[in-house]
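All remarks here apply to the structure that follows.
The values are calculated or read from the model by the stated rules, or taken from the named source; none is laboratory data. Since the structure is predicted, the reported quantities are computational estimates derived from the model, not experimental observations. A quick note on method: Cβ atoms are made from the backbone with ideal geometry, for glycine too, and the neighbour counts reach across all protein chains shown.
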Amino acid sequence: MFTKGTLLGLIDEVTAKALASGALLPIRTAAECVDHDGIGYVVRILSNLVRKDEDRLKQAQQKGRNPFLPYEEELFVADVGPSHVALLNKFNVIERHLLIVTKEFEDQENLLTPADFSALWTCMKEYDAVGFYNGGEAAGASQRHKHLQVVPRQLADQGPALPIQPLIDEVEEEGKITRLRTFDFLHCFARFELDSSGLPLDPAEQSFGLYTDMLAELGMATPVRGEAVRQSGPYCLVTTRQWMLLVPRSKEFCGDISVNSLGFTGCLLVRKEEHLEHLKKAGPLSILKAVCIPCQNND
C-alpha cells in the first residue's frame, strides 16, 4: 500500500520509467469541442490505434490471454487494499489513467462489491478524479477481468472540467436519486451526502449503497454482500467526489463510434475524421441516446 498523499507522485514516477522502457504506449489525440443543447462535448480523434489493435489481435490469437494475470510489472503502481492493484493503462489517451484491477480473476460482468468501492475510493481520495466502470462489452469493456478506472477530473481543456457540469449544477439535493435534464434515456443520477471536507460521508459504503439503490431503481439485478452476482444487463457507472451516474446500455456502438462510460461525462472518442463529421451531424447527445435504453412512457 502507498502512503497517504503519495499516489500522484507514484503514478508520475512509474509513468516516466514505463515511457522510457516502452511499456507505456500513449495514444495521441486531437480534441475538438462540439456543442449540443448547451453542452460543449469534447471529442477526441484518435491518431494511432494500430498498436492497440495489434495487441487485441495478439490476445485473441492466444485464446483470450488475460493481460492482468500476470500484469506487466513495469505498469504496476501500487497495491490498493488486500484485493486490488493499481496499474497504468498501457494505451492511455489521458495522462495519469489508472486501472484498479482485482488481484484474482473476477468477471467484468459481476456486479461491483464493497471491496471494489473501497479500492476505488482509496485512489479517489488522493486527487480530484473521475472513477468509472464499463459493465460488460456492450458498455465499452475491452477486458473480461474486473477493473475499474480512474482519470483526473480535468477532462476538458476549456470550459468546465467535465463538459456535463451545467447539467450537474441543476441538481441541488443530496442523497436523492434523480435524472439529468437532457439525458433522454434510462439512467439514474444522485449527489452524495458530503462531509465538511467536500468528500462523501463514508465514501465506499455510501457509494455501494447508492449503486445498489440505482440498480434497483432501474429494475436491474442488485449485489449481495459476500456473493458474486452476475449483472442482469450492461451498464456504465461514473462517479466523482460529488456525485454518481449509472446508465444501462443497449449496445457499444452507434455506427462506427464506440461509447464507454466517459461518453456520459461529455467526452467521446472517434477513430476517423469521417466519424467526427457523422457525430457533428447527428449531435453528441443523439450518439449517446442511440446506445442506451429509451425512457419508459417518456418518464
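Counting only residues that are surrounded by 15 or more Cβ atoms within 10 Å (Cβ to Cβ) and out of contact with any His (no Cβ under 7 Å at 6 or more places or on another chain), how many does the range 64-75 have?
Qualifying residue count, the range 64-75: 5.
Residue by residue through the range 219-249, note down the ones that are over 27 Å from ARG153 (Cα atoms) and touching a residue at least 12 places away in the same chain (Cβ under 8 Å).
So the first thing to find is which residues in the range 219-249 are over 27 Å from ARG153 (Cα atoms), and the list is 219-233.
Matches in the range 219-249: MET220, ALA221, THR222, PRO223, ARG225, ALA228, VAL229, ARG230, GLN231, SER232, GLY233.
Residue-wise test of (1) more than 25 Å from ILE94 (Cα to Cα); (2) among the β-branched types (Val, Ile, Thr).
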residue: THR212; (1), (2): yes, yes
residue: LEU215; (1), (2): yes, no
residue: ARG225; (1), (2): yes, no
residue: ARG230; (1), (2): yes, no
residue: TYR235; (1), (2): no, no
residue: LEU279; (1), (2): no, no
residue: ILE293; (1), (2): yes, yes
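If the Cβ limit is 9 Å and pairs must be 6+ apart or interchain, which residue in the range 192-204 that is more than 18 Å from GLU172 (Cβ to Cβ) pairs with which residue that is of a type in the set (Phe, Trp, Tyr)?
LEU199/TRP121; LEU199/PHE192; PRO203/PHE117; PRO203/TRP121; PRO203/PHE192; ALA204/PHE117; ALA204/TRP121
Does the range 270-289 contain at least one residue that is in contact with a Phe, Trp or Tyr (Cβ under 6 Å, 6 or more places away or on another chain), crowded, with 21+ Cβ neighbours inside 10 Å and of a type in the set (A, V, I, L, M)?
no
Taking the stated definitions as given, is PHE189 in contact (Cβ under 8 Å) with a residue 12 or more places away in the chain and part of a strand (DSSP E or B)?
Yes.
Which condition breaks for GLN242 when tested against (1) closer than 20 Å to PRO160 by Cβ; (2) buried (at least 20 other Cβ atoms within 10 Å of the Cβ)?
Looking at each condition in turn, GLN242 falls short on (2).
Assuming ALA31 fulfils every condition listed in (1) in contact with a Ser or Thr (Cβ under 6 Å, 6 or more places away or on another chain); (2) at pLDDT below 95 apart from one, which condition is it?
With respect to (1) in contact with a Ser or Thr (Cβ under 6 Å, 6 or more places away or on another chain); (2) at pLDDT below 95, ALA31 is out only on (1).
Being assigned to a loop (DSSP other than H, G, I, E, B) and among the basic types (Lys, Arg) is the filter here, so list the residues in the range 1-39 that pass it.
LYS4, ARG28
Under 7 Å by Cβ, and 6 or more places apart or on different chains, what pairs join a residue from the range 270-291 that is closer than 18 Å to GLU252 by Cβ with one that is of a type in the set (Gly, Ala, Ser)?
From the range 270-291, the pairs are HIS278/GLY255; LEU288/GLY263; VAL291/SER250.
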